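The structure appears below as structure tokens.
The values are calculated or read from the model by the stated rules, or taken from the named source; none is laboratory data. Just so we're clear, the structure is a prediction, and the values are computed from it rather than from any experiment. As a convention, Cβ positions derive from the backbone with ideal geometry for all residues, glycine included, and neighbour counts pool all protein chains shown. Only protein heavy atoms, including side chains, enter the accessible area calculation; ligands, DNA and RNA are left aside. Shrake-Rupley method; radii C 1.70, N 1.55, O 1.52, S 1.80 Å.
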Amino acid sequence: FPSHLEYFATITGGAYGSPLELALKHTVLPYFTVFRPLDVLVQSVATMGGPSVERLKYSLGLPASHMGASFPLRYCPACRDHDEEWIGYAYWHRIHQIPGIHVCPIHRELVRRTQIRINGMGRTRLVLPADDDICAEAGELDLTPAARDLLGRLAALSQCALTSQLPGPYDPSLLQQ
């Protein structure tokens, strides 16, 4: 989760939106708050507007582990190629960054994982999916067509949760079904 969204919005003159718009449209925060009370979202955006997001994971129920976490950047090769063809460069799609995404919800291809940002290495390095030195590898999944389809449908559901396009309001009894 990024910090300093207030400062970013100020120095860009709001060209990319307010801190709330930045958090909702350009980060994975909505994925983690979609089934939470509105005040959790409001507090999370306020935290991201400030200088540190150190406590944000904890407040979202994602406490850090003493074992450390590995959050490699991920991309879909078909999305990368499409981006390069249509806008001239590839960028990181936030749907590919959601935990548990192994298949692109659009192309049903296995996403590639980069070797940067593993165990804190390269955390501050700025790279794009088409950079030659990011050492991306395909997921280590040997999938049957049925498994690929299931992972694709789960990724599409995650995308709906991220973009607030679920088929209806949250109902715990329906979720169980």
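Anything in the stretch 79-137 that is polar (S, T, N, Q) and at pLDDT 90 or above? List them, or say none.
Correct list: 97 only.
Among the residues of the stretch 81-93, is any open to solvent by 80 Å² or more (accessible area, probe 1.4 Å), of a type in the set (D, E, K, R) and over 18 Å from the mean Cα position of the chain (by Cα)?
yes
Condition first: closer than 19 Å to residue 6 by Cβ and touching a residue at least 24 places away in the same chain (Cβ under 8 Å). Now tell me which residues in the stretch 31-43 satisfy that.
Within the stretch 31-43, 33 is the sole residue that qualifies.
Can residue 53 be described as under 17 Å from residue 164 (Cβ atoms) and either aliphatic (A, V, I, L, M) or open to solvent by 30 Å² or more (accessible area, probe 1.4 Å) (or both)?
No, not satisfied.
Just to be sure I understand, how many residues within the stretch 1-38 are outside any helix (DSSP H, G or I) and of a type in the set (Asp, Glu)?
The total comes to 0.
Collect the residues in the stretch 94-116 that are open to solvent by less than 30 Å² (accessible area, probe 1.4 Å) and under 10 Å from the mean Cα position of the chain (by Cα), keeping them in residue-number order.
95, 96, 98, 101
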